[in-house]
Amino acid sequence: MQNVVLLTLLALLGTLPIAALVVLAMRLRRLRATQAEAARQAAAEAREQFGRDVHDLVSSRLWLATLRSELAYRLADDDSPLRPALADVVQSIRQASADIRNVTRSFRDVSLASELANARAVLRAYGAGCSVEATEAELGDEISAVFAIMVREAVTNVLRHSRATLCTIEIVVRGGMATLTVSNNGVDPSTPPGDGSGLDNLRTRAAELDGVVGTVLDPDGWFRLIAEIPCRRGDRR
């Protein structure tokens, strides 16, 4: 009997290093996923800031150049050889202004499809499964942008505040209402109700489109972020 106990203890001691290595590998994988998400967010914020800076600095000067060139065009005599040249200048500046708007918009706009793809990649690197179910119905540009930001914020919270092994993202449009639900397990049921600046920002963004954002924490450790925004007929497709 003593020999059996001794052999059992030796076997358990032999598995301890393996278990420690497994735990270490899991922690390293989660650290890499968290670092990747932080880097992606920093890059996105830098792009958005760059877009705002370019728009504010360049557009204002192009606007002033347009006014001055249009004034010169109007002051020129009808038969002046300068009028065609000034007309070309006005048109070129207007085109430059449109190009700047398009470029800065590409930096400022947030792609829902990209954020969903990023969510899958980051969560899988973290070691959590991620399933996405998105409606085939097209969302308006404003709702898509807000949902993209919400997905980004929700995934960040999953990485920071849970030990999730599974996350689900669902987007449906029903009865004139677009609904985003991001759910994940691995949350301590005793955790206080979700709050903070991140959630407040999401609520503000939703409210700007007459929508609402709420959270639910189930006793089994499942946390849900739910956003509902009414679809508008005037939304661009």
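The values are calculated or read from the model by the stated rules, or taken from the named source; none is laboratory data. From a predicted model like this one, the values you see are computed outputs, not experimental measurements. Backbone-built Cβ (ideal geometry, glycine too); neighbour counts: all protein chains shown. For the accessible areas, the whole protein counts, side chains as well, though only heavy atoms, and no ligand, DNA or RNA atoms are used. Shrake-Rupley method; radii C 1.70, N 1.55, O 1.52, S 1.80 Å.
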Probe 1.4 Å, protein heavy atoms only - accessible area per residue of the range 130-195 in square angstrom = 48 Å²
task = Given the peptides 83-94, 156-167, arrange them by the average over their residues of other C-beta atoms within 10 Å, most packed first.
result = 156-167, 83-94
query = Counting every Cα pair in the range 143-216, what percent are over 18 Å apart?
reply = 39 percent
key: Peptide ranges 142-151, 220-229 listed from the most packed, as the mean C-beta count within 10 angstrom indicates   = 142-151, 220-229
remark   = Interchain or sequence-distant (5+) residues whose placed amide H lies within less than 5 Å of the amide H of V132 are I169
